[in-house]
1. Taking the residues in region 69-118 that are open to solvent by 30 Å² or more (accessible area, probe 1.4 Å) and of a type in the set (Val, Ile, Thr) as candidates, determine which candidate is farthest from Lys257 (Cα to Cα).
2. Cβ-Cβ below 6 Å, separation at least six or inter-chain, first residue in region 37-63 and over 20 Å from Asn122 (Cβ atoms), second open to solvent by less than 60 Å² (accessible area, probe 1.4 Å) and polar (S, T, N, Q): which pairs?
3. Any idea how many residues of region 101-116 are among the hydroxyl-bearing types (Ser, Thr, Tyr) and in a loop (DSSP other than H, G, I, E, B)?
4. Give me the pairs, please: first residue somewhere in region 68-92 and within 23 Å of Phe38 (Cα to Cα), second residue anywhere and part of a helix (DSSP H, G or I) and not small (Gly, Ala, Ser), beta-carbon distance under 6 Å, and either six or more positions apart or on two chains.
5. Which pairs have Cβ atoms under 6 Å, sit 6 or more apart or on different chains, and link a residue in region 191-206 that is assigned to a strand (DSSP E or B) to one that is among the aliphatic types (A, V, I, L, M)?
6. Within region 159-170, which residues are assigned to a loop (DSSP other than H, G, I, E, B), crowded, with 20+ Cβ neighbours inside 10 Å and either charged (D, E, K, R) or modelled with pLDDT under 95 (or both)?
7. Restricting region 88-100 to residues that are in contact with a Ser or Thr (Cβ under 6 Å, 6 or more places away or on another chain) and in a strand (DSSP E or B), which is farthest from Gln77 (Cα to Cα)?
8. For Tyr255, are the conditions met, namely being closer than 27 Å to Thr55 by Cβ, assigned to a strand (DSSP E or B) and touching a Cys at 6+ places or on another chain (Cβ under 7 Å)?
Amino acid sequence: MMKKNRKRVFYTLCALILCGLITLIMGCATMSNQNNNFAGELESIEFAGKKYIPTFYDDFTGNDLDSSKWERCPEWQRQDLGGYWKNECTSVENSCLVIKGDKNTDTLISGGVRTKDKFEQNCGLYKIRFKVEKASGLWYAFWLMTDKVHNLGNGVVNGGEIDIFEVLPNDQNQSEGHKTYLNSALHWDGYGKDHKSFGSQYFIDDSFYNEWHEVTFEWTPEYYKAYLDDSTTPYWDSTIQGAEAWGGIVKTENYVKITAEFGTWGGPVDQASLPAKMYVDWVKIYKAE
């Protein structure tokens with residue numbers, strides 16, 4: 001009787017271990033398949049002497065957002081001009097993501113999308129092809145976000161907002177002739193009294209608008225660098241000031257956001273130029289092998 005019981009226990013343990021292994025393998029396969037689905041038919045690339053494998057791709061075919069990858073940003077009030085994010089300001093048209101800034105009666109409205117709880121990643125190569133229309137008071141952004149941005153202490157390491165670029169059409173804080181630029185910044189320690197940030201500006205002119213551009217953002221455990229179009233010189237290079245000035249290197253997994261919004265930071269609103277739009281041809285994301 002004792003031997004039979006021991007055999008039963010032994011076989012039961014073996015069965016449990018086998019089930020655990022199968023579950024683990026299936027789980028890994030599911031994660032791998034999900035990444036493959038997100039990456040589509042993208043192939044690995046070489047960049048800055050490193051090999052990068054694709055983890056996310058969208059070229060916005062179809063009639064609406066791919067809900068497995070994106071969701072519209074919540075319809076929150078934004079910035080200091082009483083504007084709101086509205087679902088109606090985000091659409092997919094002619095194989096492009098279209099984000100619009102407009103005025104609805106007396107309310108400024110704009111749109112945005114994000115990959116929250118669908119795709120999040122730490123470090124990697126982030127690429128976007130886009131063009132924007134100019135409207136004073138409205139700016140467009142490509143950025144990476146985490147709810148852990150509210151964690152206090154230890155700089156951005158425990159969580160930070162990464163602004164790859166914000167297209168500022170008319171910043172009232174800048175001198176004449178230098179109001180239009182790409183702003184790149186990090187924010188950490190929340191958005192209240194403890195908020196901290198550090199930024200870098202790359203000045204552009206009106207020829208930037210209504211033309212297609214590509215931005216490549218390189219986020220490594222050591223630095224952040226961002227490149228515009230075919231330039232081999234980064235317009236944002238954190239190594240110039242050093243990681244400490246930027247609060248360190250973000251260690252969290254962040255999700256992607258593409259948005260437009262109104263605020264006094266972008267200058268006085270020019271209603272005659274509304275509606276104004278941002279068009280996104282594609283987004284490609286990779287991770288170092």
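The values are calculated or read from the model by the stated rules, or taken from the named source; none is laboratory data. All of these numbers come straight from a predicted model, not from anything done at the bench. In this analysis, Cβ positions are derived from the backbone assuming ideal geometry, glycine residues included, and neighbour counts consider all displayed protein chains. Surface accessibility is based on the protein's heavy atoms, side chains included, excluding ligands, DNA and RNA. Shrake-Rupley method; radii C 1.70, N 1.55, O 1.52, S 1.80 Å.
1. Thr105
2. From residues that are over 20 Å from Asn122 (Cβ atoms), the pairs are Phe60/Ser95; Thr61/Ser95.
3. So the count comes out to 2.
4. Close Cβ pairs satisfying both conditions: Arg72/Asn87.
5. Cβ pairs passing all conditions: Ser197/Ala185; Phe198/Leu186; Phe198/Ala245; Gly199/Ala185; Tyr202/Leu182.
6. The answer is Pro169, and nothing else.
7. Val98
8. When the stated conditions are applied, Tyr255 does not pass them.
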